[in-house]
Amino acid sequence: MIWTSKNQSYQLKIQKKEELEEMKKRLISVGILVGFLFSCMMVTGAFAAKDEIVLDASMGKVTFAHKKHSETLKIDCLKCHHTWKQGETSGKKCLECHKASAEGNTPARKDAFHKDCKGCHDELKKAGKPAGPTGCTQCHVKAK
């Protein structure tokens, strides 16, 4: 009887060890799969800057050439995404903080976009450099 109980205890230990080994194999497989999927997303550009962002505004839709600003013109992300930390490539987007109306110290989206976007274009124009649009109807396009 004592030998049987020791044998059963030994068999349980072996069974638990085998279960742990199987669990390790599954976790490694899941890790490899997640790594592969993440690599595929990086290669296909799933995390790249959007080409264009369209903003609905009362004066007409504004199409912002995001990819052009970030990749072609090499404007630092922190210039617009001021809540991000240096080196971050994702985080809060403009409309998450800037609402239709000002809230506390956060300006309304219209004021923030005019200050940052139009402001930057005005500065470039004053410096005699190529600049983006500065007139209302150059950005705001009414539906036909």
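The values are calculated or read from the model by the stated rules, or taken from the named source; none is laboratory data. On a predicted model such as this, the values are computed, not experimentally measured, just so you know. Note that each Cβ is placed from the backbone with ideal geometry, even for glycine, and that neighbours are counted across all protein chains shown.
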Where the second residue is surrounded by fewer than 10 Cβ atoms within 10 Å (Cβ to Cβ) and the first is without any contact (Cβ under 8 Å) to a residue 60 or more places away in the chain and lies in the range 72-90, which pairs have Cβ atoms under 7 Å and are six or more apart or on separate chains?
Leu78/Gln86
For residues that are surrounded by 15 or more Cβ atoms within 10 Å (Cβ to Cβ) and in a loop (DSSP other than H, G, I, E, B), tally how many sit in the range 92-113.
2
Here is a list: Gly132, Gly104, Gly60, Gly119. Which entry is modelled with pLDDT of 90 or more, in contact with a helix residue (DSSP H, G or I) (Cβ under 7 Å, 6 or more places away or on another chain) and among the small types (Gly, Ala, Ser)?
Gly132
Candidate set: the range 114-144, residues that are of a type in the set (Asp, Glu) and touching a residue at least 12 places away in the same chain (Cβ under 8 Å); chosen: the one surrounded by the fewest Cβ atoms within 10 Å (Cβ to Cβ):
Asp122
Evaluate the range 72-85: report whether one residue or more is of a type in the set (Ser, Thr, Tyr) and at pLDDT 80 or above.
yes
